[in-house]
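Have a look at the structure below, then the notes.
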Amino acid sequence: MLLEIKDLSVYYGVIEAIKNVSFSVEEGEIIALIGANGAGKTTILHTISGLVSAKSGSIKLSGKEITKTPAHKIVEMGIAQVPEGRRIFSQLSVFENLKLGAYTRNSQAEINESLETVFSRFPRLKERKNQVAGTLSGGEQQMLAMGRALMSKPKIMLLDEPSMGLSPLLVSEIFDIIKSINKSGTTVLLVEQNAKKALSIANHAYVLETGKIVLGGKSEDLINNDSVKKAYLGE
Amino acid sequence: MEKLIPTLIDGLNLGSVYALVALGYTMVYGIAKMLNFAHGDVIMVGAYTLFVCITTLHLPLWLTFIIAILVCSVLGFIVEKLAYKPLRGSSPLAVLITAIGVSYLLQNLALLFANTKYGMDKQFFSSFLNLGSLKIGNVTISGVDFLIWITTAVIMVGMMLFIKKTKTGRAMLAVSEDKGAAQLMGVNVNKTISITFIIGSALAAIASILFAAKYQFVESTMGSLFGIKAFAAAVFGGIGSIPGAVIGGVIIGIIEAFSTAFLPGSVNAASDGFAFVILIIMLVLKPTGLLGKQTTEKV
Ligand SMILES: Nc1ncnc2c1ncn2[C@@H]1O[C@H](COP(=O)(O)OP(=O)(O)OP(=O)(O)O)[C@@H](O)[C@H]1O
Ligand SMILES: [Mg+2]
C-alpha cells in the first residue's frame, strides 16, 4: 500500500472538519475523492501534505508513519500536491516556478531531465518559459502547477480540483494529462467536484460528506449507484 | 554654494548607512511579513561590540569586524526564534508590540552595560579606520567615504544576485509570496525566515562598522531614531524592494544633509522631521513607494 490513511480526525479549533476517515491508495492507481463544497477534501490533502496537523489517526507512506512529519520533508519523501486554486508563484517566471518544484532535489542532471519531461508534456510551458507566471491564462496556470509538482519526481501526486474554472474542452485535456501522468508511473489522488470526470478516470473513489466517508468502491460501481447519481452526477 | 558638494557627500554617507539598515527592514518585511521594530537597535549592538573590541580589548581591526558581524547575526537569529517565531500566525499588532518591546529591552541592556562598565552611555571612538583622502579642487573626499559608498553598492548588487540566482534566494521569494505553497515545494519556511533575519542583522552590523568609522560614537538610543529613518527609507523606496531600500536610504540621507546644512538655524533643529514630510508626500503620490509593486496577498 503506497498511502494508507487510518481513523484520521482533523480539527479547526473546536470544529471537527474530518471525522475518522480511513482509505488507502495502492501504487499505480488513480483514486478520486469526491464531495460537495466544505466536505473536507482540501483539509484531507493538506493534512497528508503536513500543512494542517491531524488530531488523531495515522497517515502512512509505504508503511512509514508521516503523520507528524513537517511539510517540507513530506515533499522529499515523494508526495507532491497541486493545490486548490493552483497557487503558482505569480511574481516569478514559469521557469523559476518549475525550479522551485525541484527544490528538494540536488542532482542538476536529474532536474534537467525532469524539466525536459515536463516541457514535452506541456509544450506551452516551454514556449512561455520566461513569462511571469501571474500573466498565464487559467489553463496554463493549471499546467504550470502540475508541471511544478512533477518537478519533485513524486511517487504520488495529490490534485485538488484541477478542473476548477476551466472550459469543458480544457477540462478534458487536463484529465487526459492526469491519465497519462498516471500511466507513466505516478500514483494519483484526485479531489474533484466534477464527479463525472473524476469517476471516468479513477480506479476507486470515495464520497466525502461533512468530514465523513459515506461511500467507497470501484468507480464503475459508484457511477451506477443511485444516490451518487442523484447527488453528484446530476442525473 | 561651496557647501553644495560637501553636503552631498554627507548625504551620501548618511544615506548609504540608512540604505544598509533599510535592506534589513525590507527583507524581513518582504519575507516574514513583519515589521521588525528592533532592527535599528541591532546597529547599536554592533557599534557597542566594536567599541568594546577596539577600545577595551584592543583586538586587531579585522577580528573586531568579524566579531561584530557574528554578534549581530546571532542576536538577529535569537530574537527571531525567541520573540517572533512563537507569534507567527497571530495578529500583526501583537508582533509589532513585541518588536517594540525587544527594541527597548536591547536599549536598556546596552544602557545598563555601558553605565556599569564605562560610567556613561555615550562613548566616543578614537578614529580607528584611516584610509587617507582624496582632494579634488577644494573638495576633500575621505577614504572612509569611498568605503561606505562602495560597500553599499556592492552589497545591493550582491543581495539582488543572491535573491535572483541562488536556491535559498528563490526559496525566500517563494515564502514571500505564499508560505503554504512554498512548503509544498519542500521549502523549510522557519529556516528561510531565520536566514533572512541573520542576513538582515549581518547587514546592520556592516552598517554599524561604517557608521562608527565615520561618526565615531555609540550610545544606547542611537538605533531607534536611526531605525525609524531607515524604515522610512525602505517605505520610501517601496518596501520589499532591494534597490528601493538603497535608493530610499540615499534620498532620505541627502534630504537630511541638505536640510541640516541649508535651513536657517531655528528650523535646522527640525531636520530629522523633514525627511518624514517628504516620505508622507511620496506615500500620497505613490502609496507603494518608489519601486514598490502592487501585490495581492494570499491567505
Ligand atoms: N483554516 C480554517 N479554519 C477554520 N475552518 C476551516 C479552515 N479551512 C477549512 N475550514 C472548514 O473546514 C471544512 C472543510 O473545508 P475544506 O476546505 O476541506 O472543504 P472542501 O471539501 O475542500 O471544499 P471545496 O470543495 O469548497 O474546496 C469547511 O467547513 C471549512 O469551513
Ligand atoms: Mg477544497
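The values are calculated or read from the model by the stated rules, or taken from the named source; none is laboratory data. Please read these numbers as outputs of a predicted model, since none were measured by experiment. In this analysis, Cβ positions are derived from the backbone assuming ideal geometry, glycine residues included, and neighbour counts consider all displayed protein chains. With ligands, DNA and RNA removed, areas are computed over all heavy atoms of the protein, side chains included. Shrake-Rupley method; radii C 1.70, N 1.55, O 1.52, S 1.80 Å.
Here are the numbers for this structure:
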{"read-out": "Some residue of the range B:146-168 being open to solvent by less than 10 Å² (accessible area, probe 1.4 Å) and assigned to a helix (DSSP H, G or I)", "value": "yes"}
{"read-out": "Answer residue from the range A:69-89, given it is part of a loop (DSSP other than H, G, I, E, B) and facing another protein chain (nearest Cβ under 7 Å) and is nearest to A:Glu27 (Cα to Cα) among those", "value": "A:Pro83"}
{"read-out": "Enumeration of residues in the range A:1-25 that are within 9 Å of ligand 1 (Cβ to nearest atom), among the aliphatic types (A, V, I, L, M) and open to solvent by 10 Å² or more (accessible area, probe 1.4 Å)", "value": "A:Ile15, A:Ala17"}
{"read-out": "Members of the range B:36-72 that are in contact with a helix residue (DSSP H, G or I) (Cβ under 7 Å, 6 or more places away or on another chain) and surrounded by fewer than 19 Cβ atoms within 10 Å (Cβ to Cβ)", "value": "B:Leu59, B:Ile67"}
{"read-out": "Restricting the range B:172-191 to residues that are more than 7 Å from chain A (Cβ to nearest Cβ) and open to solvent by less than 10 Å² (accessible area, probe 1.4 Å), the residue that is farthest from the chain's Cα centre (by Cα)", "value": "B:Ala182"}
{"read-out": "Residues (of a type in the set (S, T, N, Q), within 14 Å of another protein chain (Cβ to nearest Cβ) and either open to solvent by 40 Å² or more (accessible area, probe 1.4 Å) or part of a helix (DSSP H, G or I) (or both)) located in the range A:90-113", "value": "A:Gln91, A:Asn97, A:Asn106, A:Ser107, A:Gln108"}
{"read-out": "In the range A:44-54, residue farthest from ligand 1 (Cβ to nearest atom) [restricted to those that are under 13 Å from A:Gln81 (Cβ atoms) and open to solvent by 10 Å² or more (accessible area, probe 1.4 Å)]", "value": "A:Gly50"}
{"read-out": "Candidates A:Gly63, A:Gly57, A:Gly38, A:Gly28, filtered to the one that is within 11 Å of ligand 1 (Cβ to nearest atom) and surrounded by fewer than 23 Cβ atoms within 10 Å (Cβ to Cβ)", "value": "A:Gly38"}
{"read-out": "Looking only at the range A:47-62, and only at residues there that are closer than 14 Å to A:Ile156 by Cα and touching an Asp or Glu at 6+ places or on another chain (Cβ under 9 Å), the one that is nearest to ligand 2 (Cβ to nearest atom)", "value": "A:Ile59"}
{"read-out": "Criterion: outside any strand (DSSP E or B) and of a type in the set (A, V, I, L, M) - qualifying residue of A:Val10, A:Val52", "value": "A:Val52"}
{"read-out": "Every residue from the range A:141-160 that is part of a helix (DSSP H, G or I) and open to solvent by 10 Å² or more (accessible area, probe 1.4 Å)", "value": "A:Gln141, A:Leu150"}
{"read-out": "Subset tally (residues that are within 14 Å of chain B (Cβ to nearest Cβ) and within 16 Å of ligand 2 (Cβ to nearest atom)) for the range A:1-46", "value": "5"}
